[in-house]
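One structure is given below, encoded as structure tokens.
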Protein chains: 2
Amino acid sequence: MVWVDDSNASLLTDLYELTMAASYHGHHMNYQATFDLFIRQLPDRRNFLVACGVSDALHYLHTVRFEDSALEYLRSLRMFSDDFLSHLASFRFHGEVWAAPEGEIVFENEPLMRVTAPLIEAQIVETFLLNCVAFQTMVASKAARVAIACGDRRFLDMSPRRDHAADAALKAARAAYVGGASGTSNVLAGHFYGIPVSGTMAHSYVMAFEDEERAFRAFVHDFPNNAVLLIDTFDVLEGARRAAGVAADVASEGVIVKGVRIDSGDLAPLSRSVRAILDSAGLEEVEIILSGDLDEYRIKALLDDGVPVSSFGVGTQLGTSADAPTLGAVYKLVADERGPKIKLSTGKATLPGRKQVLRFERDGIFERDEIVLEGEESRGGRPLLVKVMERGERTDADNGLEAARERCRTGLQQLPPTLRRLGAPAQRYRVEPSSRLSGLVEQMSAKTH
Amino acid sequence: MVWVDDSNASLLTDLYELTMAASYHGHHMNYQATFDLFIRQLPDRRNFLVACGVSDALHYLHTVRFEDSALEYLRSLRMFSDDFLSHLASFRFHGEVWAAPEGEIVFENEPLMRVTAPLIEAQIVETFLLNCVAFQTMVASKAARVAIACGDRRFLDMSPRRDHAADAALKAARAAYVGGASGTSNVLAGHFYGIPVSGTMAHSYVMAFEDEERAFRAFVHDFPNNAVLLIDTFDVLEGARRAAGVAADVASEGVIVKGVRIDSGDLAPLSRSVRAILDSAGLEEVEIILSGDLDEYRIKALLDDGVPVSSFGVGTQLGTSADAPTLGAVYKLVADERGPKIKLSTGKATLPGRKQVLRFERDGIFERDEIVLEGEESRGGRPLLVKVMERGERTDADNGLEAARERCRTGLQQLPPTLRRLGAPAQRYRVEPSSRLSGLVEQMSAKTH
């Protein structure tokens, strides 16, 4: 089994980045170029996105190297000159990067990152940046929808087993936290990021004992401060009664069972019946937690139905963003030493030039964004892109995960109400190029045709 | 940025695996237990699956350790006793594993892996095994569908930028190769797995030159044996004429342009027009390659429409299995020292006991599978599960990636024709428990209720 890490991430790239770079090198084409990373179109089921992944992207840009074994492999392909391979041996990223901070609400066609660097450097990093930013933005965006559905209830990321391989599980936990999850079941994410971890028992635990009651008693004995009993291994209502019996017994010893979890069946009526069982045993403080293929739609339906629960476990649907499992992130050349560049492929046209995004608010609510050319900042509004790297060195405050999470929480409150709906909005958010930018597009399109 | 690797993969787990393990440890419950890893239900759009990921899973089982920093983090949670943490410090997996070899065609409810180990060991590895096997099986299965659609044409994995983080890109390339891709754009996958790598230029390359023709000439000069020219940056037909002009020029020097790629627009008519342009310039040998959000459905439609192309680049849809981006893989306790175990949760019942899968063929075509109890192998048919680990040591021949790919290729030829359709089959594949296994289910269900 092999792993991606700092020493080999340079090869986590499409081969064409390297063939293009080799050609640029051969033709001494290494002038400054600017690329925009953006999402061409929001998925049908998304009214907004939450920027995420920039922190990892900057780490990559700061550390990317071609080590000896990588160079040896590239040599073995017999496609690259010794001269180019020497160039790669001393490859470093020296560029300038502007980005929307993690947790910022963003929309289609807005640059999430703007990379300006010598052409070869800017080209080689394309694949990794897209892979990194698109996935984390996708999961943070999904998590924000779940957060909206949850309202004042909590939800936990329980996705590790269903995420797309190991790295995705780690990054999904982080992105979900940015988007509003209150914690994760993923222990490694807890270790690396300090995200609160959570979890108690699976069905196999209950089955490993001679009967359900013994399992419950054993667990409460072992985790007196933190026991959530899973009550649906055999029959939910019987499970609830057994859990209530155990909880009442240990209450006399000062031990409080934290909650019960239901992972299958018709969750709304079951949770009401379980609540009644717990309450009639005087266990009003014992929480109910629901899980089992939940997503924002099902959570909203459950809460609309008045389920008496404190939190939700969300796994598969969150970590894979299953209703919109890809984001059409692209990375496009928009300017070089000769000025702005444009691409006109059918349905894939790009906005030329070095750009900024300005956000205009009214009464604290996001009203519209304007994509402007560099130098047009005086048009007002809050610039979304901030400088995060200069000459290859990080200049972002790197104020961390909690700041990103708070930025997202605040941003969600500033969303127009129609965008906070889980369905399609009455009106999509306005994102428009400035008149100067529109003029440039027209002028360049005419010239090219 | 942090990475998962052998030193910390033990923490890539749901917290509940560790709380359960701690409780088992406290209660001296560490008898042998058997867990099945299986897919509960095929996604609607899948008629079969291709097993993949077992190789990585075995590597994990062989190397999993709790290193000092992991133990320190767990201690900081104040949930675990010193005694349990000491146990983890010397934790090793000593179990026996049976698995369907990579590349094997498999179906729902059939164990893909059967893990027998002391309960604590078998429990702790659950999350990672599911994460590893489900993702790779999902992508190999998607790739096999693309292979079926392609028939005698080739297809390449071009998914790295859209895969769910870095590790997924690496594993997707491998799984796609098992499922039938002829190569990948992913350089790291080429390096680690020896998969053929492929790729030439992006739109930004064309745009980096003063005009398209200069870009084409430069690239053909730099890669005389391997040039595929991307012709849709501005206008496909003009691009084709320019490419033909360049190809005809260099032909006199003995340089053969390998192909042209179209990445946007209405691919079927465009590819026919491009073919005509190339042919009329005497460039019959120059191939056409199509890409741009392709999947098995679009490829089938294109080929049904008679597109004159040699291969397809498949990215987003392949690496994320976008039409079925999750597999409901589960890992269930099926036996312990007291005998077979059963779980009866609504809609989530399990098949008890240590099991094997037998495949019956008729005239070389898969006819049906039977899930049997250990000891029933004499019922005939080919046993799908083979022993791949004993006392924690790998016993699989580890005959590698090419063997897995060949196994898949042969398996696809043995599929009943109705299952090779991209749509729902006239009849689903028969997977049935043996009468002895059915009897055991009935008997245990009655007893539990």
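The values are calculated or read from the model by the stated rules, or taken from the named source; none is laboratory data. Since the structure is predicted, the reported quantities are computational estimates derived from the model, not experimental observations. Here Cβ is always computed from backbone atoms with ideal geometry, including for glycine, and neighbour counts include all displayed protein chains.
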Handout entry: Residues being within 23 Å of A:E393 (Cα to Cα) and either at pLDDT below 95 or not β-branched (V, I, T) (or both) - total across the range A:117-157
Key = 14
Exercise for the section: Say whether the condition of being out of contact with any strand residue (DSSP E or B) (no Cβ under 9 Å at 6 or more places or on another chain), charged (D, E, K, R), over 25 Å from A:D369 (Cβ atoms) and in a loop (DSSP other than H, G, I, E, B) is met by at least one residue in the range A:335-345. Expected result: yes
Exercise for the section: Look through the range B:71-95, keep the residues that are under 27 Å from the mean Cα position of the chain (by Cα) and buried (at least 18 other Cβ atoms within 10 Å of the Cβ), and return whichever of them is farthest from B:D396 (Cα to Cα). Expected result: B:F93
Problem - Residue list for the range A:20-41, filter: over 11 Å from A:V115 (Cα atoms) and charged (D, E, K, R) - result: A:R40
Problem - Members of the range B:326-337 found to be at the interface with chain A (Cβ under 8 Å from one of its Cβ atoms) and over 16 Å from B:V133 (Cβ atoms), listed by number - result: B:L333, B:D336
Practice task
Answer yes or no: is there a residue in the range A:379-402 that is of a type outside the set (F, W, Y), under 29 Å from B:D232 (Cβ atoms) and over 24 Å from the mean Cα position of the chain (by Cα).
Solution key: no
Problem - Cβ-Cβ under 8 Å pairs, at least 6 apart or on other chains, the range B:56-67 side touching a residue at least 12 places away in the same chain (Cβ under 8 Å) and of a type outside the set (V, I, T), far side surrounded by fewer than 17 Cβ atoms within 10 Å (Cβ to Cβ) and outside any loop (DSSP other than H, G, I, E, B) - result: B:L58/B:R394; B:H62/B:E393; B:H62/B:R394; B:F66/B:A89
Exercise for the section: Answer yes if at least one residue in the range B:166-176 is at pLDDT 95 or above, touching a Lys or Arg at 6+ places or on another chain (Cβ under 9 Å) and assigned to a loop (DSSP other than H, G, I, E, B), and no otherwise. Expected result: no
Practice task
Return the only residue of A:D68, A:D44 being over 20 Å from A:V115 (Cα atoms), surrounded by fewer than 16 Cβ atoms within 10 Å (Cβ to Cβ), within 19 Å of the chain's Cα centre (by Cα) and of a type in the set (D, E, K, R).
Solution key: A:D44
Practice task
Taking the options B:R354, B:R362, name whichever one is closer than 17 Å to B:P416 by Cβ and either touching a residue at least 60 places away in the same chain (Cβ under 8 Å) or out of contact with any strand residue (DSSP E or B) (no Cβ under 6 Å at 6 or more places or on another chain) (or both).
Solution key: B:R362
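Taking A:G239, is it among the small types (G, A, S), more than 7 Å from every other protein chain (Cβ to nearest Cβ), touching a strand residue (DSSP E or B) at 6+ places or on another chain (Cβ under 8 Å) and assigned to a helix (DSSP H, G or I)? Steps first, answer last, please.
On the way: among the small types (G, A, S): yes; more than 7 Å from every other protein chain (Cβ to nearest Cβ): yes; touching a strand residue (DSSP E or B) at 6+ places or on another chain (Cβ under 8 Å): yes; assigned to a helix (DSSP H, G or I): yes.
Answer is yes for this residue.
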Exercise for the section: Take B:T233 and decide whether it is touching a residue at least 40 places away in the same chain (Cβ under 8 Å), out of contact with any Leu (no Cβ under 6 Å at 6 or more places or on another chain) and over 26 Å from A:D163 (Cβ atoms). Expected result: no
Practice task
Just one of (1) over 21 Å from B:C408 (Cα atoms); (2) of a type outside the set (V, I, T); (3) at pLDDT 95 or above trips up B:F209, so point out which.
Solution key: (3)
Practice task
Go through the residues of the range A:427-442 one by one and say whether even a single one is among the aromatic types (F, W, Y) and out of contact with any strand residue (DSSP E or B) (no Cβ under 6 Å at 6 or more places or on another chain).
Solution key: yes
Exercise for the section: Would you be able to say whether some residue in the range B:388-401 is free of Cβ contacts under 8 Å to residues at least 40 places away in the same chain and of a type in the set (A, V, I, L, M, F, W, C)? Expected result: yes
Problem - Selected residue (criterion: surrounded by the most Cβ atoms within 10 Å (Cβ to Cβ)) from residues of the range A:306-363 that are among the aromatic types (F, W, Y) and in contact with an Asp or Glu (Cβ under 7 Å, 6 or more places away or on another chain) - result: A:Y331
Completion exercise
Residues in the range B:176-193 that are more than 10 Å from chain A (Cβ to nearest Cβ) and not hydroxyl-bearing (S, T, Y) total 5
Exercise for the section: Assess whether A:K171 counts as being touching a Cys at 6+ places or on another chain (Cβ under 9 Å) and surrounded by 24 or more Cβ atoms within 10 Å (Cβ to Cβ). Expected result: yes
Exercise for the section: Identify the single condition in (1) touching a residue at least 12 places away in the same chain (Cβ under 8 Å); (2) surrounded by 22 or more Cβ atoms within 10 Å (Cβ to Cβ) that A:A208 does not satisfy, given that it satisfies every other one. Expected result: (1)
Practice task
Using the structure shown, decide if B:V197 is under 28 Å from B:N226 (Cβ atoms), touching a residue at least 12 places away in the same chain (Cβ under 8 Å) and within 7 Å of chain A (Cβ to nearest Cβ).
Solution key: yes
Fill in the blank from the handout: Within the range B:219-229, residues outside any helix (DSSP H, G or I) and either under 25 Å from A:I342 (Cα atoms) or facing chain A (nearest Cβ under 8 Å) (or both) come out as B:F223, B:N226, B:A227, B:V228, B:L229
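Among the candidates A:R154, A:R145, A:R161, which residue alone is surrounded by fewer than 24 Cβ atoms within 10 Å (Cβ to Cβ) and over 25 Å from A:E370 (Cβ atoms)? If you could, list the steps in order and put the result at the bottom.
On the way: A:R145 fails: surrounded by fewer than 24 Cβ atoms within 10 Å (Cβ to Cβ); A:R161 fails: surrounded by fewer than 24 Cβ atoms within 10 Å (Cβ to Cβ).
Unique residue meeting the criteria: A:R154.
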Practice task
Can you tell me which residue within the range B:297-323, out of those that are more than 9 Å from every other protein chain (Cβ to nearest Cβ) and aliphatic (A, V, I, L, M), is nearest to B:R114 (Cα to Cα)?
Solution key: B:L318
Practice task
With respect to A:L385, determine if the residue is within 24 Å of A:A57 (Cα to Cα), touching a residue at least 60 places away in the same chain (Cβ under 8 Å), assigned by TED's automatic domain parsing to the domain that holds A:R409 and touching a Phe, Trp or Tyr at 6+ places or on another chain (Cβ under 7 Å).
Solution key: yes
Completion exercise
Result of the Cβ filter at 6 Å on the range B:124-147, keeping first residues that are within 11 Å of another protein chain (Cβ to nearest Cβ) and partners that are acidic (D, E), at least 6 apart or interchain, is B:I124/B:E17; B:E126/B:E17; B:T127/B:D14; B:T127/B:E17; B:C132/B:D56
Problem - Among the candidates A:D293, A:D232, residue that is part of a loop (DSSP other than H, G, I, E, B) and crowded, with 24+ Cβ neighbours inside 10 Å - result: A:D232
